[in-house]
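Student: One structure, pasted below without further comment.
The values are calculated or read from the model by the stated rules, or taken from the named source; none is laboratory data. Since the structure is predicted, the reported quantities are computational estimates derived from the model, not experimental observations. All Cβ positions, even for glycine, are placed from backbone atoms using ideal geometry, and neighbour counts span all protein chains on display. Protein only, heavy atoms only, side chains kept; ligands, DNA and RNA dropped before computing areas. Shrake-Rupley method; radii C 1.70, N 1.55, O 1.52, S 1.80 Å.
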Amino acid sequence: MSRSEWVSTLPPWRRLLAMFNWRPVYDIEQRTRQLRIESLESEMRLLDSEKRTKQLESEFEQRELERDKRLKLLEIENRRLAELESRMDALLLNADSTSQTPPATGSS
């Protein structure tokens, strides 16, 4: 027999007493059960959140490492290009100083 069936068999005054005596305990049990469920759900969300945070941190660190590698490669390339540029400047300067202007021809 369910609770509602049992309560319906009682006289009105006894129903009122049954409600006062029994319902609060039932509500407390239901609320406690609901709070436990919510607590477990929040713990699961927190664990998922922490796991996702660690994953994002790991991805961020990996990207930083890749960025640092690219920066080092760019610095090396910049140094190499600067050396080439200085060589070219030296060659051009040397070529300008050694080149002789053609003699003027006296054609008039």
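Student: Would you mind checking the tilt of helix 12-98 against the longest principal axis of the Cα atoms of the chain, expressed as 0 to 90 degrees and rounded to 10?
Tutor: For helix 12-98, the angle is close to 0 degrees.
Student: What does the charge count around residue 66 come to, taking other residues whose C-beta lies under 13 Å from its C-beta (Lys +1, Arg +1, Asp -1, Glu -1)? Show your work: numbers first, answer last.
Tutor: Working: positive: 63, 67, 69, 70, 72; negative: 59, 61, 64, 68.
Net charge around residue 66: +1.
Student: Then there's this: If you wrap a convex hull around the alpha carbons of the range 1-62, what volume per residue comes out, as a whole number of Å³? Present the calculation step by step, with values, prior to reporting the outcome.
Tutor: Working: hull volume 4.9 nm³, N = 62.
About 79 Å³ per residue, rounded to a whole number.
Student: Using only alpha carbons, build the gyration tensor for the chain and give me the equivalent ellipsoid semi-axes, biggest first, whole Å.
Tutor: Details: eigenvalues 1875, 42, 11 Å².
Output for the chain: semi-axes of 97, 14, 8 Å.
Student: Also: Top mean-square fluctuation among 89, 68, 48, Gaussian network model of the chain, C-alpha springs under 10 Å?
Tutor: Looking only at 89, 68, 48, the largest GNM fluctuation is found for 89.
Student: Can I ask one more? Quote the FRET efficiency, to the nearest 0.05, computed for residue 1 versus residue 41 with a Förster distance R0 of 30 Å and r equal to the Cβ-Cβ distance. Write down the numbers at each step before the final one.
Tutor: Details: r = 34 Å, r/R0 = 1.13.
With a Förster radius of 30 Å, E is 0.35.
Student: Given a 1.4 angstrom probe, what's the average accessible area per residue across the chain, in square angstrom? Mind showing how you got there, number by number?
Tutor: Working: 10320 Å² over 108 residues.
Per-residue value: 96 Å².
Student: Can you tell me the length gained on complete extension of the stretch residue 52 to residue 74, counting 0.36 nm per residue apart and subtracting the Cα distance?
Tutor: Additional length available on full extension: 4.7 nm.
Student: Still on this structure, please answer the following. For the range 1-89, with all protein chains present and a 1.4 Å probe, just round the carbon and sulfur fraction of the accessible area to a whole percent.
Tutor: Numbers: 4800 of 8350 Å².
Answer for the range 1-89: carbon and sulfur cover 58 percent of the accessible area.
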